[in-house]
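First up is the structure itself, then whatever we jot down about it.
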Amino acid sequence: MKKWLIFCCSWLMIWSAYAEDNRLQDLPNLSAITSQLEAATNAGADKTEIRLLDETQSLLHKIDEQKRLNEALNKEVAEANTSLQLSHKNSEKYREEMATNFEKSFADLTLNELQSRLNARQAELEKVQEELIELNNQGGGQSNVVSWVQTTLKENLTRTQELERLFVNASDDIQRNRYKTELALIALREAYHQTLLRENDKLRTLHEAKVEEKTSQQQALQVQIVALIEAINDRNLQASQDQVTQATQSEQQNVSNPTIASQLAINTRLSEDLLQQTKQMNELSQNNLYIKTVLDNLKQTQQYIENQINVLQGTLILSRVINKQRQDLPRDQIIKGLPKFITDLRVQIFNYTEVRSRLSEPKSAIEALAKEQNLVLSEKERLELEKIFQDRYKLLSDLINSLNNQLNLAVNIELYQQQVMSISDSLQQQLQQQSFWVPSNSVMDLEWFKQFPNRALWELTELSKTVDLSQISAHLGIIIAIGIALLLSYFVITWKKSAIKERLNTLAANVNTLKKDSHWHTPEALFWTVILALPSTFIFFGIVSFLGNIVFTNKSLLWILSLILSAHWLFFATVLSLLRPHGIAYLHFGMSPRSNESFRYAIKKSITMYVLFVVAFGFSYIESVDYSDDVLGEAMSLVALVMCQFVIFPLFNKAIKRYEHDAEEVGEVANTRWLKLSRAILVIVPISLMVLIFLGYYYTANVLIKHLLNSYLLVIAWFFARQLVYRIFTVSSRRMAYRRLQEKRQQIRQQENSDEKTKDNLELEEKNAIKISTVNRQLFQIADFVGWIILLVCFYLIWSDLISVAYYLDGFILWESGEGNHIETITLLNLMRTLFVLLITFALIRNLDGILEVLIFSRTRLSRGIAHTTTAILRYIVIVIGSIWAFSNLGLSWTKIQWIFTALSVGLGFGVREIFGSFISGLILLFDRPVRVGDKVTVGQYTGVVTQIRLRSTTLVDADNKDVVLPNQAFVTDRFINWTLHNTMTRVVIPVNIDYGTDLDLVAKLLHQAAAEAPRVLQDQAINVNFLAFGKNALEYELQVHVADLDDRVPATNFINYRINQLFKQHGVKIAIERLDVNIQNASTEQTVGT
């Protein structure tokens, strides 16, 4: 690659030197092109011709600009040695200025002169900072000029060949001038790039010297500004102290007159307040300068980072720059309590202004004082008081002036701090995005494995340099004190261990008993289990703290890490204790011993994986080892992921299957569905993380692993918290059931009624028991729902810091669309959002029934039809909203797709009008509701119960339990019968034929009796017996009764027919049978021969 680059550069240098001279001499004149463009525009020439002339004019302007850049670069190269010496000389001068004692040089200056000099130095500092930002922006190109030139060479070679071909095939002078001008511009740029490449070392050295010069100048100005502010503050403080001294002396000289003395004492207090306010203003001035310096440094850092990102995009160097800048960002630089301080200042200013306004006329103030205190003042006393009030007026003016200055400084500090926080947050977010999506390490190819031994040895050498045994002696007292405290706690818990275990056994014996069980038994058992896990945690904390003192120099970070790791150790020790045989999971939560043992073994093995990850993460806290050099961390992470894939996953898979099997045996299959998701995660996540590490995204994998480990701990904690809530609800429901049973038994004993009454009470007790079970089921559903919400919120808190990382994808443009000046870009983030919206929409559609059942339907009395209609309408609303949201993320607004709907409407009107009519009819059925789920309807020859109403069709189940699917249009355009639209009561008509000669009153009585004895006949409705007609062979009767439900028609008819037959037999009533008389005649004689 280097040989190819040298060859290309050499060839281009020769070619460009020759081509530049020829093409620059043969270029069209700018004024001529401008005149030609104006003439073509006025004459309405072809658009292509105008475009070519316009492009040629623009290229000529760029050529002039490029010539100036080339001349400036050549001048800079020619003067590089002189400029380099001058920069070194200036840097030395500024360093000497920083060591100057400014106190002596400022001693002869007045306060106004000091303030003027301060303003001048601040303006000069702002100018230097702007120049330094510009130099830093140029530095990114200097540091990566070789790769930049290489990329430019490739692009220019390709473009030059293309322009040469277009120039040869050009049909007129306008096209040839256009291509010739661009070739000339490329030649000039090539000359510029060649100079950059040839003089790269010299220019980079000069740039570094200039940056050093401006940095030294900036530091010198900052030192001088600090000295000026201190001098100004000292002058103000001395003036305030002089006023205090003067006021004190005046007070001491007038002790004999109490009135004069009291007024002088007020002046003395005001002088002391002025002194305190001056000190406070001086402190605010220092804080203002400090926060302004932090803000300026942050702005420079922001410019530098943006420039580095643009220049080094996608390189490993960018990863190192990002990690360094993240460590250099300011922390804990915010001054707290400023809003309240500003409010207090405004109140003080208002109060002092009110007091000063009363002293604007001293004589009026003296008269008010004399009247208030009933004093008779002499002329001398009045003169003294007038002078005191004038001094007080001046003191108050100075106080108000000082408070106003403090207010201005505080407001400036607040504004600066807001900018610091905004820029710092923006930088943190930008650096986090870049570090997450930029490869931090080289790809783990064959070369990486060859270099691994040497790189690992180097890393171990660097890690060994951080070991400092002298830190133990430096902190020996603290280490001994902590060690003694841990040992005492260890021995106390060990001493009480047998008593704690005995208490745990007592609590376990009382679990699931009616009288001794309590809500607090399980929380208390959990508390004692945590206490028993503390001794091993103390030992672990001591070991980690001791080793950390040897390695870490940042003690605050050491203690934080030690506490976090110890908390994790305590967590795992507690979980293992919960899952041990005859532990709380079995005795209190009722979990299966087999699944407990499986989970316990899997979690115990996962601790090894966890320790490997923690050790790998620990390397990143060592300043001498960067992520790009952390080969040991990469290796340990890979080992831990392989262990997770081939050891931890099979163990958890086995444990989950056992838990599911045990749950199915007790009817808790629905509660194990989330475990299937856990199994899928255990398969996909380790493989994905290993791929990331192999591709060089070690930092990205590191961040994801940390979040996944926290999620792993969260899931375990949430699972046991869920079991604890179930346990509390179980105790409550058992107590409620026992209490109600006791109450009913007491009522039964107190009653002296018949056995029938006792039976009614027992039935009432059974109904109450059913109600309690219903309450329990609803409580568990609500607990599950709240538990899942809490789990999702906790997941959000864990992963929320990575949400900003997704905005990095907004820079990857997939396509652009738009008309005119409005261009809408569709990025990879838009696509991810669309997929996320579609996923959420799909999940809501799939689980909408269950969500509505838990939140609404289980708490309200709604018919089945209303529930189905509500669910269907909400489902379609979710589909519409989700689709619109997803399409809008892809830039498909209504204005862009309305023509599609217009074409579809025309097609629907002709081609598929029947299907479209069924869709419209479905909407009518859902909103008008002439048919509901659960109604029994008759449509043509089909009769059945409605089970589903969709947009296109409705499903009935007929008497043969067959599904009949009918288009919705049949319920809107055709006639149909809804047997249960308003109520389910229907009339049943039973025809009865009686022989002639039967007693009509007896028949009516028997029919009434049969209907009255039918259990499903409504007795509050009239039972009608109608004598309809004299038939050919019988007296025709009709019995009319009413039943409550459609399903009661057949049973009621069956019972009545049976009963009519029994009653008629008992009373000798005969049911008429249709007769047919047949007479046989002889055809020849016409005589009847038989009947």
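The values are calculated or read from the model by the stated rules, or taken from the named source; none is laboratory data. Here the structure is a predicted model, which means the values were calculated and not measured. Cβ coordinates were reconstructed from backbone atoms using ideal geometry, including for glycine residues, and neighbour counts include every protein chain displayed.
Residues that are aromatic (Phe, Trp, Tyr) and farther than 18 Å from VAL1069 by Cα within region 1011-1059 comprise just one, PHE1055. When restricted to residues that are of a type in the set (Phe, Trp, Tyr), in a helix (DSSP H, G or I), crowded, with 18+ Cβ neighbours inside 10 Å and at pLDDT 85 or above, region 650-698 contains 1.
Looking for whichever is surrounded by 14 or more Cβ atoms within 10 Å (Cβ to Cβ) and at pLDDT below 75 here; the options are TYR352, TYR304. Which one fits?
Working: TYR352 fails: at pLDDT below 75.
Answer to the selection: TYR304.
Return the pairs, sorted by first residue and then second, in which the second residue is not in a helix (DSSP H, G or I), the first residue lies in region 156-177 and is of a type in the set (Phe, Trp, Tyr), the beta carbons are less than 9 Å apart, and the residues are 6+ apart or on different chains. Hits for this filter: zero, empty list. For region 542-563, does any single residue satisfy the condition of being closer than 29 Å to VAL731 by Cα, hydrophobic (A, V, I, L, M, F, W, C) and at pLDDT 80 or above? No; the residues of region 542-563 include none that is closer than 29 Å to VAL731 by Cα, hydrophobic (A, V, I, L, M, F, W, C) and at pLDDT 80 or above.
Would you be able to say whether some residue in region 631-639 is modelled with pLDDT of 85 or more and surrounded by fewer than 18 Cβ atoms within 10 Å (Cβ to Cβ)? The answer is yes, given that some residue of region 631-639 is modelled with pLDDT of 85 or more and surrounded by fewer than 18 Cβ atoms within 10 Å (Cβ to Cβ).
Which one of ASN1079, ASN1033, ASN1057 is over 30 Å from THR986 (Cβ atoms), out of contact with any helix residue (DSSP H, G or I) (no Cβ under 8 Å at 6 or more places or on another chain) and modelled with pLDDT of 75 or more?
Numbers: ASN1079 fails: modelled with pLDDT of 75 or more; ASN1057 fails: over 30 Å from THR986 (Cβ atoms).
So the residue among ASN1079, ASN1033, ASN1057 that is over 30 Å from THR986 (Cβ atoms), out of contact with any helix residue (DSSP H, G or I) (no Cβ under 8 Å at 6 or more places or on another chain) and modelled with pLDDT of 75 or more is ASN1033.
Does at least one position in region 689-696 carry a residue that is out of contact with any Ser or Thr (no Cβ under 8 Å at 6 or more places or on another chain), more than 22 Å from LEU792 (Cα to Cα) and not aliphatic (A, V, I, L, M)? Yes, that holds for at least one residue.
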